[in-house]
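Read-outs throughout are calculated quantities, based only on the coordinates presented, and are distinct from any laboratory measurement. Note that the coordinates shown come from a computational prediction; the quantities given were computed from them, not determined experimentally. When we count neighbours, we look across all protein chains shown, and the Cβ atoms used for this are built from the backbone with ideal geometry, even at glycine.
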Amino acid sequence: MNKYVLGFFAFIALSFNAFAAITIDKPAPQFTLTDSHGQEVSLSDFAGKYVVLEWTNHLCPYVQKHYQSSNMQQLQTKYTEQDVVWLSIISSAPGKQGYVDADEANQLTSERSAVPTHVLFDPSGEVGKQYAAKTTPHMYIIDPQGSLKYAGGIDSIKSADIADIAKAVNYVDTSLSALLSGETVDKPLTPPYGCSIKYAG
Amino acid sequence: MPEAGWHTYWRNPGDSGEAPRVSLSSDAPLSFGDIQWPVPQAIPVAHLVNYGYEGENLLMIPVDVPATLSTDEVSVSAELSWLVCKEDCIPGNATLQLTLPVAASSSASAAALLFEKARQQLPDDKWLSGQLEINEASVAVEIALPAEMTSTTSSQWTLFPFPSNLIQHANPQYFTVDEGVLRSVIDKSPYWAGDVESINWLLSDGRQGFYVSTALAGQAHSGDAKASALALWDILGLAGMALLGGIILNLMPCVLPVLSIKALGLQQTQESKAVKLGFIKLGYPLGVLVSFNALAVTMLALQASGEKLGWGFQMQEPSIVILLSFLFTFIALVLFDALQVGTRLAGIGSHLIAGQGFGAQFFTGVLAVIVASPCTAPFMAAAIGVALVSEPAIVLVVFNALAIGFALPLTLLVFSQRLSQFLPKPGNWMVTFKHMLAFPMLATVAWLCWVYAGQTSHQAQFGLLLALITFSFSVWLSGRLHRAVPKWICASVALACLVLPMYLTAQLPDANQPARSITDNAVPFSKQALSSLIKQEQIVLVNMTADWCITCKVNEQVAFADADVRAALSAENVHYMVGDWTNKNDSILAYLNDYQRSGVPLYVVYSGTQSKQVLPQILTPSIVIDAINQATEEIPHE
């Protein structure tokens, strides 16, 4: 049989494949990071509570969309009042967009009237990569047993336009309210959208 | 125009970013089409990949202008929003206004050249079609390439999916091109949650692009599809044939005379009250039905145990085709009276069916089946042959239709004796009729030989035909001999004719599975063989595959065809075991279930009793070689 096989590989970016897989209903990766008050914070500190992870970069237009509209702050307020832990994580590497020191981070929080439980620094990007975080914002919800319950976008409309917020379904809001009332999350995985996280390297 | 290094986005921006949006409106009744996207590039941004355009690009939108437009000029306004990124992103938006003159003939504008250039960057107008397979961790596609692309030696293949959450954009895409068919496997995005029937892509070879529509492959992840694929009409057709076959059984030389005697007997006892009770009248057909169903259940049990033993009673198996071709040849020989089978039994029939009560009628039915068996055997054998390669439901339908057909004439006679005048008189014509029936059997043999040639080769088919002729000769000769020893010799030759081609076929490389025969030392999967190799502290790579599995084919071409992998697999204590799940196979299903899989591919490397590792669904030569090397290190050395 004169059969020839032409096999070759085409690589689009090949430098990186160190991303962990994330799986809904499986234990969320453990981590310990330093917060904007110099305190060490571990995911395990919040066992028994719902935890929201918010990857952020204050200079990203998609993050600005949700802070300038107060959408993010309202979510933080609504759920931290119900004993949900809200962790804003900055994985921007030093020198890259969105990297801030502790003082700048605290100043941003007060300027924007944000109420996260902690602002955490992940300058090495290690935790971001453990969670396969790709964009800012990129949202995760972890249940009191430490299982991942939601991962993905903040809402359903992929844009930097504040006017779209009212038209969109806010997945963090719908997922958290479902979980808090003992229901299952309707869409546990949605595509995240926004700016790429400015990881080191 | 963006500066160097900055990019804008395609319709699916990839891991981050956003496609530009354009909303056009006009004071005139113009209608605006969709953006015509040029072929994008995959742009790596740190650890992510975006799909878009670096530098200048033109997004054209076709506009339909009605011929009735009567104004001198039209005004078009555009609401634009876009995002331009290098690593950081800048969103932009604008409202633009353009006034154009209306004229009967067109004339080139200053931007005509720009449009001309942009047109060359558009994908081809023609859509390709392909198949899509979504696995647990990967997505595979199979696309028939257009002629102009098959000759390309480009290593720049890229598949751009329309949805942004289907594939891991930053992961490598593996491609193989084999006889004009391009196959690719790509890691699946963890954010894929869709249940879709089809996905659209843009396929680029670095120079030109083609849109591709891929439909979810209708492959059977379980073997159930085979049964449901048989339409109701097919089943009715089979049942009709079996019914007819059952009626023909009554015309067999050892059945018809008995039937005639019975009919005569009925006429004589016409006044008997017992016979007039319908319940008793149904005794005979019930007896026949029970006997045939018992036979069907026996066949199904045999079929099921055969599958457990790992023999597939399937037409896809050349050895089964050989077996059936010998069976049908033998049936033809019996019908030709080349061999007398069980003539002594036939005579018993006449007095057995003389009873009157329900019990007698019932056992008459049972015994009719058994007693008539010497004559009916050829037909029954054909039914059994069908039964062995069919689904249980079909087997029951065929056997019951046969039973009804067989019982029908006598049952009708019992109910209405007037019908007996239509009963043909036994005579010499029956023998002629029987001989004639041998020809459909021979036609079946011809068909089986053709199937066999497709599975193997012309040479093998020639060998099979020679074996069939030698077999026929031996059977014929043994029928003409009267001494036991020469008869015994003939029977041995006939048996050898059957066994030899089966053995030789098993030695042949399978012509239908070229991808698999690439690795010469592959052995078919069997649970027993696997556990015995494990006990002997051997290294075993199990490859569970199927013809309809696109991912499997890519892996076979990329990884298993690799010279280093082949060398690693032919090492002394390494065994390569392939399970083919193209057709239903319970032992492979059980194996897949052991690994919480519902489908193929599945690759497992065993290091004797020490450990086992499940390989990813997308293989590279190095993944396979590393796994084998690791397994080799773990094996204890005496």
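Here is how the number arises for chain A: DSSP H runs of 4 or more residues each give -39500 (n - 2.57), the sum is divided by the residue count, and the result at 222 nm is -6000 deg cm²/dmol. Could you pull out the pairs from A:LYS26/A:LYS129; A:LYS49/A:LYS134; A:LYS26/A:LYS149 whose alpha carbons sit more than 19 Å apart here? A:LYS49/A:LYS134, as the Cα separations exceed 19 Å there. Taking A:GLU54, A:GLU126, A:GLU81 in turn, the Gaussian network model of chain A (Cα-Cα springs below 10 Å) assigns the largest fluctuation to A:GLU81. Each residue of the stretch A:88-105 was assigned a 3J(HN,Hα) from its phi angle through the Karplus expression (A = 6.51, B = -1.76, C = 1.60, θ = phi - 60°), giving 8, 10, 10, 9, 4, 7, x, x, 9, 4, x, 6, 9, 8, 4, 4, 4, 5 Hz with x at Gly and Pro.
Computed about its Cα centre, the charge dipole of the stretch B:128-216 is approximately 260 debye, with only Lys, Arg, Asp and Glu carrying charge at their Cβ.
What ranking of B:VAL605, A:VAL115 emerges when the number of other C-beta atoms within 10 Å of each C-beta is taken as an exposure proxy, fewest first?
Values: B:VAL605 21, A:VAL115 18.
Final ranking by Cβ density, sparse to dense: A:VAL115, B:VAL605.
Close amide-amide hydrogen proximity is noted between B:LEU128 and B:TYR211, B:VAL212, B:SER213, each under 5 Å apart and 5 or more residues distant or on a separate chain (H modeled in the peptide plane; Pro and chain starts excluded). The phi torsions of the stretch B:605-622, fed into the Karplus equation with coefficients 6.51, -1.76 and 1.60 and a -60° offset, translate into couplings of 10, 9, 9, x, 8, 6, 7, 9, 10, 8, 7, x, 6, 10, 9, 10, x, 5 Hz, rounded to whole numbers, with Gly and Pro shown as x.
If both residues of a DSSP beta bridge must be in chain A, then about 65% of such bridges are antiparallel. Averaged over the residues of peptide B:12-20, the number of Cβ atoms from other protein chains lying within 10 Å of each residue's Cβ is 5.
Couplings 3J(HN,Hα) of the stretch B:427-441, computed from phi: x, 5, 4, 4, 5, 4, 4, 4, 4, 4, 5, 5, 5, x, 5 Hz, in residue order, whole Hz [Karplus 6.51 cos²θ - 1.76 cosθ + 1.60, θ = phi - 60°; x for Gly and Pro].
Mind sorting A:TYR67, B:TYR576 by how few other Cβ atoms lie within 10 Å of their own Cβ, fewest first? Walk me through the numbers before you get to the answer.
Details: A:TYR67 19, B:TYR576 22.
In order of increasing Cβ crowding within 10 Å: A:TYR67, B:TYR576.
Between B:HIS575 and B:ILE539, B:VAL540, B:LEU541, the built amide H atoms are under 5 Å apart, and every one of these is 5 or more places off in sequence or on another chain. For the peptides A:116-124, B:77-85, the ranking by mean Cβ contacts within 10 Å, running from highest to lowest, is A:116-124, B:77-85. Mind checking which aspartates and glutamates have their Cα closer than 14 Å to the Cα of A:LYS187? Skip sequence neighbours fewer than 8 apart in that chain. Within the straight-line limit of under 14 Å, A:LYS187 reaches these aspartates and glutamates: A:ASP25, A:ASP155, A:ASP173, B:ASP195. Close amide H pairs (under 5 Å, H built 1.01 Å from N) link B:GLN168 with B:ASP187, B:LYS188, B:SER189, residues at least 5 positions away or on another chain. Helix A:71-80 axis versus longest C-alpha principal axis of chain A: approximately 70°, rounded to the nearest ten.
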